[in-house]
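Working notes, structure below.
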Amino acid sequence: MAIKVEHELHKRRLDRNVGVGLLLASFVVIVLVLTVVKVQGLGDIREMERFDHVARPALEEAATRAQEEGTE
Amino acid sequence: MTDVTQQTGTYEARMGDYFALMKPRVMQLVVFTALVGLLVAPVPVHPFIGFVGILCIAVGAGASGALNMWWDADIDAVMTRTRSRPIPSGRVQPGEALGIGLALSGFSVILLGLATNLLAAGLLAFTIFFYAVIYSMWLKRSTPQNIVIGGAAGAFPPMVGWAVATGGIAPESILMFALIFMWTPPHFWALALFVKSDYGNADVPMLTETHGRGVTRNHILGYTIALVPVALGIAFTSIGGPVYLAVALLLNGWFLKGAVDIWRRDDTDSEADSHATEKRVFKISLYYLFGHFGALLFEAVLRTNGLGGW
């Protein structure tokens, strides 16, 4: 025999669980979109990579320009 | 014995009960004024960052509402107007309200700081502290000036909205703060004049109880007169303009007339028509605030289209 909802309490719990689930899902979406917006707002991403804790000579402006000229 | 029968003694809250803790009607005003503060600022904001900013301000306001309900549960249970709130009605446990209030306060301030800037986050944190601690825990039960000083908590949202956009404080944002700050006393005292018995039963020292209703009528008129230059002054700043000035003149005339009507009456007149004038002025005060901020928003829309302003 299938288990049935026995009490109105279960409805309240379901209501609350669905609410919390939706809130958490919304939070994930907000953080994701916020991250995308913030990263896009940085402009040229190489500006960030160039100062990524370790020197990246290959990303310096002169090197980048030379690379671009070389590929043309 | 099943799990269900064991727990039926304690009501388990629905999601809506938790939402009611956040004072959604107050939140409407907070969201609207914060949104106007954000949109009239001279610095454009990415729509999503603006959305997150307003969301954080709304959640922060809701958190302070939950903390207020946790602290005031004893007096809420006494007053007719607040008896059906989630805690006194038993739908939410006090500890839950405290937990929700603290968690959402931290969440909203941190997210606002990460999404926008530290000044906006700091202002929001101070607003929550001011409402929950300075107003609810200290002023509300100790002085008839409770709503005068406590009104600052409700006045901060447009300043926070402005800070979200600009990262700073300016005369315009201070004037928007001042508008709500000066508007709060006549608004609440008009309410106190027609729900008088409630505050008295709860031992909340509203001006009507401590100094009498005649003094309250004088104070309503005094604060409304003091409000007029603040409201009109905004018209001559960078966020004002002729449309705002016209709206402000109209609304201030209307509100001032209402305040004079209240001042001219005594309790006998008031009881005779079931506080009709007091109720009318309370309603006017709502139109007053929404009207001013609506006009500021309209001026901002005009400015973006090359119109508006002086």
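Read-outs: derived from the displayed coordinates by stated rules, not from any lab. Note that the structure is predicted; figures quoted are calculated from it, not measured. Neighbour counts are summed over all protein chains in view; Cβ atoms, including those assigned to glycine, are modelled from backbone coordinates with ideal geometry.
List of remarks:
- Residue pairs, from the table B:Lys257/B:Lys283; B:Lys23/B:Lys283; B:Lys140/B:Lys279; B:Lys23/B:Lys140, whose Cα atoms sit over 21 Å apart: B:Lys140/B:Lys279
- Distance from region B:241-255 to region B:115-187 (C-alpha centre basis), Å: 24
- Charge dipole magnitude, Cβ of K and R +1, D and E -1 - region B:1-169, Cα centre, debye nearest 20: 380
- Membrane-span-like helices in chain B (whole DSSP H runs, Cα extent of at least 20 Å along the helix axis, mean Kyte-Doolittle hydropathy of at least -0.5): B:24-40, B:47-71, B:94-115, B:171-194, B:213-233, B:242-264, B:276-304.
- Normalising the Debye intensity of region B:131-274 to I(0), with uniform scatterers on Cα atoms only, and taking log10 at q = 0.12, 0.16, 0.20 Å⁻¹ returns -0.56, -0.92, -1.20.
- Only one residue of B:Thr184, A:Ala25, B:Leu38 has its Cα farthest out toward the positive end of the dipole of the protein assembly as shown, where Lys and Arg carry +1 and Asp and Glu -1 on Cβ, and that residue is B:Thr184.
- Helical content of the protein assembly as shown, expressed as a calculated mean residue ellipticity at 222 nm, amounts to -23000 deg cm²/dmol (DSSP H runs of 4 or more residues, -39,500 (n - 2.57) each, divided by residue number, nearest 500).
- Sequence-distant contacts, meaning Cα pairs under 8 Å at least 6 residues apart, place the relative contact order of chain B at 18 percent.
- Using the Stokes-Einstein relation with a Kirkwood hydrodynamic radius computed over Cα pairs, the translational diffusion coefficient of region B:37-157 at 25 °C and a viscosity of 0.890 mPa s comes to 161 µm²/s.
- Across all directions, the average projected area of the convex hull around the alpha carbons of the protein assembly as shown is 29.2 nm².
- Largest first and in whole Å, the equivalent-ellipsoid semi-axes of chain B read 32, 29, 15, each the square root of five times a Cα gyration tensor eigenvalue.
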